[in-house]
1. The list (1) 8.9; (2) 12.7; (3) 8.5 gives values of mean projected area of the Cα convex hull in nm², and only one came from this structure; which label was calculated from it?
2. Pick out the long, greasy-scoring helices in the chain: whole DSSP H runs spanning 20 Å or more along their own axis by Cα, mean Kyte-Doolittle at least -0.5.
3. Expressed as a whole percentage, what fraction of the accessible surface of the chain belongs to carbon and sulfur atoms when a 1.4 Å probe is rolled over the protein heavy atoms?
4. Keeping every protein chain present and rolling a 1.4 Å probe, give me the accessible area per residue for the stretch 1-41 in Å².
5. Leu28: net charge of surrounding residues, Cβ under 15 Å, Lys/Arg +1, Asp/Glu -1, itself excluded?
6. When only C-alpha pairs under 8 Å and at least 6 residues apart count, what is the relative contact order of the chain, in percent?
7. So, with +1 on the Cβ of K and R and -1 on the Cβ of D and E, and no other charges, what is the size of the charge dipole of the chain about its Cα centre, to the nearest 20 debye?
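The values are calculated or read from the model by the stated rules, or taken from the named source; none is laboratory data. In this text the structure is predicted, and so the values were computed from the model without any measurement. Positions of Cβ are generated from backbone atoms using ideal geometry, with glycine treated the same way; all protein chains shown enter the neighbour counts. Keep in mind that these areas ignore ligands, DNA and RNA; they rest on the heavy atoms of the full protein, side chains included. Shrake-Rupley method; radii C 1.70, N 1.55, O 1.52, S 1.80 Å.
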Amino acid sequence: GSHFNPAVTAAVYSNKAMELKTAAFYVLSQLIGAVLAAAVAYFLAGYDMGYPTVSSIPAAILMEMLFTFALALTVLHTGKPSDEGTENSYYGLAIGMTVFAGITACGDISGGAFNPALGTALPLFRGEF
């Protein structure tokens, strides 16, 4: 399958479900994709991309780390069929509810990206680094 989040790639690699070379290629591709997407968003919307202004950097980093971990853990434990060969039919709901809980809890604090590539690329184009 595909994933667009370097944290998910790291979780899959740490679970020995992906080789280091493949994981590195995924992360590089995800970073390039995030920068290109941020460039397109900046070109289309200018400075006002709908990304909230962060009032407390430490709080935003903490919230992003916690919910990125929760998302990666949820993907890692639900996104793979069980060993008995039965299909997992609730992974979409579990992942979606994790994202929903994260956005509800910290959307106003950090923007709720839960993706290190995206969370760095958008502020880069807003000149916040």
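1. (3)
2. On the way: long enough: 20-45 (37 Å, 1.70); 57-78 (31 Å, 1.75); 91-110 (27 Å, 1.28).
Answer set is 20-45, 57-78, 91-110.
3. Of the solvent-accessible surface of the chain, carbon and sulfur hold 69 percent.
4. 65 Å²
5. 0
6. Result for the chain is 36 percent.
7. 220 debye
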